[in-house]
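The values are calculated or read from the model by the stated rules, or taken from the named source; none is laboratory data. Owing to the predicted nature of the structure, the values given are computational and were not obtained by experimental measurement. Positions of Cβ are generated from backbone atoms using ideal geometry, with glycine treated the same way; all protein chains shown enter the neighbour counts.
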Amino acid sequence: MFAFNDTNTYLVYLIALAGLLHACLQLPSASLLHMLTSTMGRNDYYKAVRLTVAMALGVALTTGVLLMLFSLLASLPYALYSHLLSGSLVVFSGLFVMLRYFRNDRAAGLWVPRTRIRWLHKKIESIGNVPSAFGLGILTILTELVISFPLLLAAGSLLAYQGTTVVATGFLAYVGLATLPVLVFGISVACGISPARLQRWRSDGKHFWQFFIGLAMICYGLYIASEQFIGNGV
Amino acid sequence: MNEGTTIVKRLPGYSEPYNEQKLLASIYASCLSVRTPIGSAEMIAQKVCRALTPWLAKKPEITSADVRRKASEHLVVYHPEAAYIYKNHRMML
């Protein structure tokens, strides 16, 4: 029941890679940064930590639920070509990320439509407590679902029909990695790193990030799609 | 305090009279968000608002983006990080 052989390890690595690519999508971490600059005053380190943990929990919970849902969908009887479908969708999503993830402005504005961004701004600026930070975590994952659902579907299709060990490890790997950027940004701000510095880092590296992540997603999608035919133990 | 200037907001058709307290509060909040001490943040906000007054006196109507741009040009002299956050606050997402 708890066997962990080479095939299982390979599967977990693939799922973890999907989680890593999901972690590279920046809406949750950018929203956290915006929230912390809006709510933080001097010496509010503990508030920053509380809000970060609440938001990270929201992100983790939503990602976990969505991953379970897609895994169930991929294990339905008619989902015979789930690898091919999810791989293709990851490729298209990667193309979109490569071409359109960041806007062509001087800061690191994201692809989300402006009306939706204005609404998010209002929501973020009104956040001051733990439950609303938790809600923001859920909201950002759902907003970016358009881009991230192929990755969730790919990970779900890899988890389908697997044993308990692979499912548990893969699930934890994906959710843990997807939540990591929020935790890293929040703890950095709580430890004294200026939000301006983090925002500048996001802005300066955005073109490289966009190209690299898009390319990585395309390669990952092609690999997953090819698994349908090559069947390398998956 | 210049109250004769009208600020044209981003929402179409919406404008309001210039309110120095609002500008003061937004610059103060930007300074606090980068961990500036409270006294320093108050002083910087007042200095920036005072520096903006002669520029505003010449303008009957300006956009909120103009105010933000001009305020960040003055703020960068006192606190570059706060100026960056203030200028790009609406473009973090």
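Condition check ((1) closer than 13 Å to A:THR63 by Cα; (2) buried (at least 24 other Cβ atoms within 10 Å of the Cβ); (3) touching a strand residue (DSSP E or B) at 6+ places or on another chain (Cβ under 8 Å)) across all residues:
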position: A:ILE141; (1), (2), (3): yes, yes, no
position: A:ALA160; (1), (2), (3): no, no, no
position: A:LEU172; (1), (2), (3): yes, no, no
position: A:PRO181; (1), (2), (3): no, no, no
Report whether or not A:VAL166 is modelled with pLDDT under 90 and either closer than 27 Å to A:VAL90 by Cβ or aromatic (Phe, Trp, Tyr) (or both).
-> yes
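Yes/no matrix, rows are residues, columns are (1) over 29 Å from A:SER31 (Cβ atoms); (2) of a type in the set (Phe, Trp, Tyr):
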| residue | (1), (2) |
| --- | --- |
| A:THR165 | yes, no |
| A:LEU177 | no, no |
| A:ARG197 | no, no |
| A:PHE212 | no, yes |
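Residues in segment A:124-131: is at least one out of contact with any strand residue (DSSP E or B) (no Cβ under 6 Å at 6 or more places or on another chain) and closer than 28 Å to A:MET217 by Cβ?
Yes: one or more hits.
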Somewhere in segment B:72-82, is a residue of a type in the set (Asp, Glu), within 13 Å of chain A (Cβ to nearest Cβ) and more than 13 Å from the chain's Cα centre (by Cα)?
-> yes
Please find, among A:SER88, A:SER93, the residue that is among the polar types (S, T, N, Q), modelled with pLDDT of 90 or more, in contact with a helix residue (DSSP H, G or I) (Cβ under 7 Å, 6 or more places away or on another chain) and crowded, with 19+ Cβ neighbours inside 10 Å.
-> A:SER93
Only one of B:SER30, B:SER15, B:SER64 is facing chain A (nearest Cβ under 9 Å) and touching a residue at least 40 places away in the same chain (Cβ under 8 Å); which?
-> B:SER30
Considering every residue within segment A:83-103, establish whether at least one is within 14 Å of chain B (Cβ to nearest Cβ) and of a type in the set (S, T, N, Q).
-> no
Answer yes if at least one residue in segment B:51-60 is more than 8 Å from chain A (Cβ to nearest Cβ) and touching a Lys or Arg at 6+ places or on another chain (Cβ under 8 Å), and no otherwise.
-> yes
In a helix (DSSP H, G or I), out of contact with any Phe, Trp or Tyr (no Cβ under 6 Å at 6 or more places or on another chain), among the polar types (S, T, N, Q) and modelled with pLDDT of 95 or more: does that describe A:THR62?
-> yes
Could you pull out the residue among A:GLY156, A:GLY221, A:GLY186 that is out of contact with any Phe, Trp or Tyr (no Cβ under 7 Å at 6 or more places or on another chain), within 19 Å of A:VAL90 (Cα to Cα) and buried (at least 23 other Cβ atoms within 10 Å of the Cβ)?
-> A:GLY221
